[in-house]
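See structure below.
The values are calculated or read from the model by the stated rules, or taken from the named source; none is laboratory data. Keep in mind it's a predicted model, so treat the numbers as computed, not measured. Using ideal geometry, Cβ is built from the backbone for each residue, glycine included, and neighbour counts are taken over all protein chains shown. Ligands, DNA and RNA are excluded from the accessible area calculation, which covers all protein heavy atoms including side chains. Shrake-Rupley method; radii C 1.70, N 1.55, O 1.52, S 1.80 Å.
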Amino acid sequence: QGDSADYDSEVESVCPFCGVGCQISLKVKDGRVKYVEGIDGPANENRLCVKGRFGFDYIHHDHRLTKPLIRREGAPKGLNVDPGNWGEVFREATWDEALDFAAKGLKGRGREVAGFGSAKCTNEEAYLFQKFIRQGFGHNNVDHCTRLCHASSVAALMENVGSGAVSATFNEIENADVAIVIGSNPIENHPVAATYFKQFAKRGGKLIVMDPRGTALKRHASHMLQFRPGADVSMLNAIMHVIVEEGLYDQGYIDRFTENWEAEKAHLAQFTPEKMSEICGIAPEVLRDVARTFAGAKGGMIFWGMGVSQHIHGTDNSRCLISLALMTGNVGKPGAGLHPLRGQNNVQGASDAGLIPMFLPDYQTVTDDGVRSAFTEVWGSGDFSAEKGLTVTEILDAVHHGDIKAMYVLGENPAMSDPDVEHAREALAKLDHLVVQDIFLTETANYADVILPASAFAEKSGTVTNTNRQVQMGRPAVPPPGEAKEDWWIEVELAKRCGLNWAYETPADVFAEMALNMKSLSNITWDRLARENAVTYPSLSPEDPGQPIVFGDGFPRDGGRAKFTPASVIAPDEAPDADYPMILTTGRQLEHWHTGSMTRRSAVLDAVEPEANCSLHPSTLRKLGVEPGGMVRLTTRRGSVEVMARADRAISPDMVFLPFAFVEAAANILTNPALDPYGKIPEFKFAAVRVEAAQAV
Ligand code: SF4
């Protein structure tokens, strides 16, 4: 880093990795981003983590797609393409040829077509993508990776609170005196948010960490509850049982703002700490202490991550957290709130923009005739199906059944990210037409018939919405490489060729259309974002920077009340047994992002964490006769991978943690595709696994 003499220009934008949404300044020299600094955004106040600071150079990697590609006649589909040497499989094409070819395989095919959009794209691109499928093909078979991260949290929040977004920004922890962080590893996955959590603990706030893995946040915790994997509901119901038993609930709040309390109270009677302790592994006195601590807070916040959501009982886990906040009156006031920490930089925005099969923008349901006609009026087109569409995993099942034959995939990588990934790869290979729009030749692009080269975050304009409901402006600092184009332009050109009358000339035109049917964008305009960089929704006036806390005067449900939904204990789908005696859990690491397509092409991040790895307790390694750094074989009912093993005392002896960024040991070869019935999210966090030494010792 250096002073202004070191660069030709600087451009303010937003970090492309996690949902924290740190604002950055990109310093550009000779047409390349030279370095990045944090600036004073509302979520980061100049802070950045290692990914935001050093993970930008993938945009200049020589694997970038620079020209449209069409698969050569007869070239077999599969993971056989070298991203730096694809000439035997694909040939270069002009944009006209590639777009015509892409459209020809989609146009007029109605329900045979489905789409996966992306939480890495902008709000405008997500909006256009869902509109493309709905207006162009008449149905709702469009989804994105929210299905794989917080779908169950959103299902529970919509059901019980009436809104899928957070009730308070994470920065509000500054005003809390107690905070629960459950099923989340923010020091690795939301590092800048974690700095606020650590400061909170340092100034005396009580930080209650609950996780089957002992995360790095443990060091800062007043209470660490390392409960048995999958036992969330037992543990949380036991804590709430104590709150009821000892009369620690907020009756005034419950009477004024909630419904179904008596049913919840009666349901909790059976979950005594003594009984639940046997299931969750946490001592009854600890459960009682946590109940008293949280219920005694003036302001208590609850943060959760995918350790909560990625279970077949993920919706029930979130229902418990919502009930805990409601019974203690910890919603809608300073230092209180519900906050599912969003993973991707724009998973909140893409979901808000309607990139989900059951909801149009702003979570307006597709089954409502009035809602659909409000959209078709703006779109100037006829109606589309009132039937909820298929989700990510259901779409790939429908490909296997021959019901879906063509797909448009923008910025997603299901050949790495889906559970039981061989099943997903087989589905992609079966498609008779696959259009992939991306910046790299991803594992999914290996199955494409046509590849449309897109833009990285630093090459385009567009808004993104972070975990805090902050809509922020992203700006181009450098041009896309070669003939690559901005994603919104590609979507518009493809739509025109599929017969749609789209006349957008800029992303600002798209944003203006979005605002017509999205109340969340009231008082938020493109020009305002260009001036102010960020506005939190809801914003009550053109001058209001937005509301960090919502639901202080009621909830967006009929009658204005939130609801208690009792949750029962549901065991994980696969119990460990003699053949598969241990538990596999998957997730991210600090240095690598999701399927690795960006961070493994970032020099600093790849140098720090170059190799596929898993974590096992030292005692487990000893039993296996494997030294730290040695290779182990992990086998589940779906498949097997070999991977380097690290010793990690934070993980319990019956568990193995496997990051999912490494194609050479793809975690999702192993994961269980069993779904939560409400959110349709797979159980990525629990699979029965056998662990063996991979080589003679
Ligand atoms: Fe980027 Fe998230 Fe790190 Fe902030 S915390 S710099 S948004 S990866």
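Remark: relative contact order (the chain) = 20 percent; criterion is Cα-Cα distance under 8 angstrom and separation of 6 or more residues.
Can you run the Rg to Rh ratio on the range 438-589? Use alpha carbon positions and the Kirkwood inverse-distance Rh.
On the way: Rg = 22.1 Å, Rh = 20.1 Å.
Ratio value, two decimals: 1.10.
Using the empirical formula 2.2 N^0.38 Å as the baseline, the Cα radius of gyration of the range 346-490 reaches a ratio of 1.16. Pairs spanning more than 29 Å between alpha-carbon atoms, out of Lys77/Lys104; Lys430/Lys519; Lys198/Lys563; Lys202/Lys623; Lys275/Lys563; Lys218/Lys680: Lys430/Lys519; Lys198/Lys563; Lys202/Lys623; Lys218/Lys680. Evaluate the Kirkwood expression for the hydrodynamic radius of the range 591-684, namely the inverse of the mean inverse distance over all pairs of different C-alpha atoms, and round to one decimal in Å. Evaluated on the range 591-684, it is 14.4 Å. Placing +1 on the Cβ of every Lys and Arg and -1 on the Cβ of every Asp and Glu, with no other charges, gives the range 570-666 a dipole of roughly 80 debye about its Cα centre. I'm a student and want to see the number: the projected area of the Cα convex hull of the range 249-403, averaged over all directions, in nm². Mean shadow area of the hull around the Cα atoms is 13.7 nm².
Taking 0.692 mPa s as the viscosity and 37 °C as the temperature, the Stokes-Einstein diffusion coefficient of the chain based on its alpha-carbon Kirkwood radius rounds to 129 µm²/s.
Taken along its principal axes, the alpha carbon cloud of the range 361-434 reaches lengths of 41, 23, 21 Å, longest axis first. Under a no-solvent Debye model with one identical scatterer per Cα of the range 442-497, what's log10 I(q)/I(0) at q = 0.15, 0.19 Å⁻¹? Values returned for q = 0.15, 0.19 Å⁻¹ are -0.58, -0.83.
When both the range 1-43 and the range 510-561 are represented by their alpha-carbon centers, they are found 27 Å apart.
Relative protection proxy for 9-21, 260-272, 683-695, from highest mean packing down: 9-21, 683-695, 260-272 (other beta-carbon atoms within 10 angstrom). Extents of the range 68-204, taken as max minus min of Cα coordinates on every principal axis and listed largest first, are 66, 38, 23 Å.
Across the range 93-168, counting alpha-carbon atoms alone, Rg and Dmax equal 15.9, 51 Å.
Size descriptors for the range 632-697: radius of gyration and Dmax over Cα atoms are 12.9, 46 Å. Run down the aspartates and glutamates and flag those whose C-alpha is under 14 Å from the C-alpha of Lys405, throwing out any fewer than 8 positions away in its chain. Within reach: Glu112, Glu394, Asp397, Glu426, Asp432, Asp449.
Sites listed here are trypsin sites (Lys or Arg not before Pro) in the range 608-681 whose DSSP assignment is loop and whose Cβ has at most 14 other Cβ atoms within 10 Å: Arg637, Arg649. Around the amide H of Lys206, modelled in the peptide plane, lie the amide H atoms of Val178, Ala179, all under 5 Å away and 5 or more residues distant in sequence or on another chain.
To the nearest whole percent, what portion of all C-alpha pairs in the range 336-404 is separated by more than 14 angstrom?
Numbers: 1619 of 2346 pairs.
For the range 336-404, the share of Cα pairs beyond 14 Å comes to 69 percent.
Accessible surface computed residue by residue for the range 316-421, with neighbouring protein chains in place and a 1.4 Å probe, gives 24 Å² per residue.
Scaling against 2.2 N^0.38 Å puts the C-alpha radius of gyration of the range 525-619 at 1.88.
Where does each of 186-192, 454-460 land if you order them by average Cβ count within 10 Å, highest first?
454-460, 186-192
Return one whole number: the accessible area per residue of the range 96-251 in Å², for a 1.4 Å probe. Roughly 26 Å² per residue, with all protein chains present.
Summarising the strand pairing of the chain, around 50 percent of its internal DSSP beta bridges are antiparallel. When only alpha carbons of the range 449-538 are considered, Rg and Dmax amount to 14.5, 43 Å.
When the accessible area of the chain is computed with all protein chains present and a 1.4 Å probe, what percentage of it is carbon and sulfur? The partial results should precede the final answer.
Working: 11430 of 23410 Å².
Percent of accessible area from carbon and sulfur atoms in the chain: 49.
The listed peptides 369-381, 494-506, 416-428, 210-222, ordered by packing as a protection proxy, come out as 416-428, 210-222, 494-506, 369-381 (highest mean of other Cβ atoms within 10 Å first). Normalised by residue number, the volume inside the convex hull of the Cα atoms of the range 601-641 is 95 Å³ per residue.
Counting every C-alpha pair in the range 33-129, the share spaced more than 17 angstrom apart comes to 73%.
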